[in-house]
Amino acid sequence: MERVNNSYGLKVHPMRDELYAELHSRPFQVLKSPARASYLAVLSNAEQKNQDFKHFCFLYETNGLTPPKEDGVCIEVEIGNLKIRREKHIEFISYTFSELTVNLEKDPFTDNAFRYLPDNWLPALPGTVIAAFHIVVEDARNQIDPDLSIAKSLFENMRLIGSRPQNGDAQVWTSFQVHSDGCGRFLIYNKNMSDSQLGRMVQRIVEIETYRLMALLSLSLARKYSTKLALMDEKLADTTGRLAESKEKLDESALLRELIDMAAWVEAARARTTFRFSATMAYQELVMTRLSELKEDEVSGHLTMTEFMTRRLEPAVRTCKTTGEHLENLSRRIDRVSDMMRTRVEMSIESQNQEVLSSMDRRSEIQLAMQHTVEGLSVAAISYYSVGLIKFLIEALYDKGIQFDKSLVIGITVPLVIAGVWFATRKIHKRFLRLAEEKANSK
């Protein structure tokens, strides 16, 4: 439906405003250094997303605020010293909790933004958490490079991954592991970035970590089906070998049942994995795109995030891709063997039909010979009874006084009757044959 909503009287597409709004639905945050934030990504189905919105509105109600009437792609609200940003994605809902005023005297990861939330609000979140981590941003614009020992102590002495994104304007440290509080950690030193640049960089880091975990969701499926696919390959190869090499008569019905069972298993596996494997490819592409946007430089002696992802994430993604391709390939092979099996069965049926037709031809020939014999006997029988009737007529005429040679007349009628009966029988036979041919031609 077209509508006019501008000063020029132009007919505007009804979705134009939605298309414009989509480009601005998730604006980048503006972060000031120093900053403290905690992040959650919660896997949710459609029903859980509705429940999550009601759960989110509870934060408004408990603080005397008016909750939004409708759910949105991105909602931001400030409650006390906490800024909450809720984003709705296709498979998950994300929350970013940022402190408005940072207390530098407190432990940056232990005293995180979660402490501002009501008791039992986090445990009551609908869905399951796939990503949870804290982000600490320190202002290092007027300081020398941070001490590495301090960074290690904040990450519980785990092996660190560090880089200098944005051509050295910042320094990022992480372990890509879960710490004692059940969350991951990112430590960012702002060396020479504006608030807007810092907000965009932090958003990219958040997306990298979230999409990395989402991409790996299908790895367990790939490992589960890889072993079964190997067994299915062997089973299909055995079935194909029996078809190709066996010279004895095979139980074709049993072989078809085996192929149907294999095809059913493969299609069920494809139904369970296709979406997940496709999502993995999409998430991996997003991760690599966000990494390239970081423009990382190396911190001496440490892997960058790009190097870590390339080394650890890509093999896992290739495993999922290979398993998906294996399923597709196995499905096509089963289809080809099934076609070959059906062709074999059809040929066998055609051979049986040919034998049946040959047998019917032989029976038809016998029936035709018998029919000719019966026709001859029928002519004799009809002629015999006809001559008997004529004899009664001749005798009746003779008894009435008509003088003629009775034996001669009877003898003359015999060949005439036989000839007439034979002629009438042949004429009837030809008429039926002509009717049969006309009926066959009309088809």
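No lab work stands behind these numbers, since they all come straight from the coordinates. Please read all numbers here as calculations on a predicted model, not as lab measurements. When we count neighbours, we look across all protein chains shown, and the Cβ atoms used for this are built from the backbone with ideal geometry, even at glycine.
Observations on the model:
- Whichever lysines have a C-alpha closer than 18 Å to that of Lys400, once near sequence neighbours (fewer than 8 apart) are set aside: Lys391
- Stokes-Einstein D (µm²/s) once Rh is taken as the Kirkwood radius of region 48-200 over alpha-carbon pairs, at 37 °C in 0.692 mPa s: 190
- GNM result for the chain, Cα springs below 10 Å: residue of Ser378, Ser348, Ser292 fluctuating most strongly: Ser378
- Close amide H partners of Arg185, meaning residues 5 or more places away or on another chain with modelled amide H under 5 Å apart, are His134, Ser175, Phe176, Gln177.
- Cα gyration tensor, region 132-206 - rounded (a/c under 1.5), prolate or oblate: oblate
- Relative frequency of Cα-Cα separations exceeding 39 Å in the chain, percent: 55
- Equivalent ellipsoid semi-axes, region 217-354, via Cα gyration tensor eigenvalues times 5, rooted, Å: 46, 13, 11
- Inter-probe distance in nm under a simple model that places probes 7 Å from Cα toward Cβ, at Ser338 and Val356: 2.6
- For region 104-143, chymotrypsin sites (Phe, Trp or Tyr not before Pro) are listed when DSSP marks them as loop and at most 14 other Cβ atoms sit within 10 Å of their Cβ; the list is Trp121.
- At most 16 other Cβ within 10 Å, DSSP loop - trypsin sites (Lys or Arg not before Pro), region 291-360: Lys295
- Within a straight-line Cα-Cα reach of under 22 Å, Lys49 can be paired with the following lysines, leaving aside sequence neighbours fewer than 8 residues apart in one chain: Lys69, Lys83, Lys88.
- Rounded to whole numbers, the Karplus 3J(HN,Hα) couplings from phi for region 154-160 are 6, 9, 6, 6, 7, 5, 9 Hz, using 6.51 cos²θ - 1.76 cosθ + 1.60 with θ = phi - 60°, and x at Gly and Pro.
- Gain on full stretching of the segment that runs from Leu217 to Ser253 - 0.36 nm per residue minus C-alpha separation: 8.9 nm
- For the pair Lys400 and Leu65, the difference between a 0.36 nm per residue extended length and the Cα-Cα distance amounts to 107.0 nm.
- The chain: calculated mean residue ellipticity at 222 nm from DSSP helix runs of at least 4, using -39500 (n - 2.57): -21000 deg cm²/dmol
- Note on the chain: with a GNM built from Cα contacts shorter than 10 Å, the maximum mean-square fluctuation among Met360, Met262, Met214 falls on Met360.
- The antiparallel fraction among DSSP beta bridges confined to the chain stands at about 85%.
- Positive minus negative residues near Pro68 (Lys, Arg vs Asp, Glu; Cβ under 11 Å): -1
- Chain lengthening between Ser348 and Glu328 when straightened (0.36 nm per residue, less Cα-Cα): 4.2 nm
- Whichever aspartates and glutamates have a C-alpha closer than 19 Å to that of Lys54, once near sequence neighbours (fewer than 8 apart) are set aside: Glu70, Asp71, Glu76, Glu78, Glu87, Glu91, Asp119
- Between Tyr20, Tyr60, Tyr39, the Gaussian network model of the chain with springs among Cα atoms under 10 angstrom shows the greatest mean-square fluctuation at Tyr20.
- Net charge of the neighbourhood of Glu91, taken over other residues with C-beta under 11 Å away and scored Lys/Arg +1, Asp/Glu -1, is +3.
- Spatially close Lys pairs in region 217-354, defined by Cα atoms under 24 Å apart and a spacing of eight or more places or different chains, total 6.
- Ser278-Met15 FRET efficiency (beta carbon distance; Förster radius 22 Å; 0.05 resolution): 0.25
- Label-to-label distance, nm, for residues given as Val129 and Lys152 (7 Å Cα→Cβ offset): 2.8
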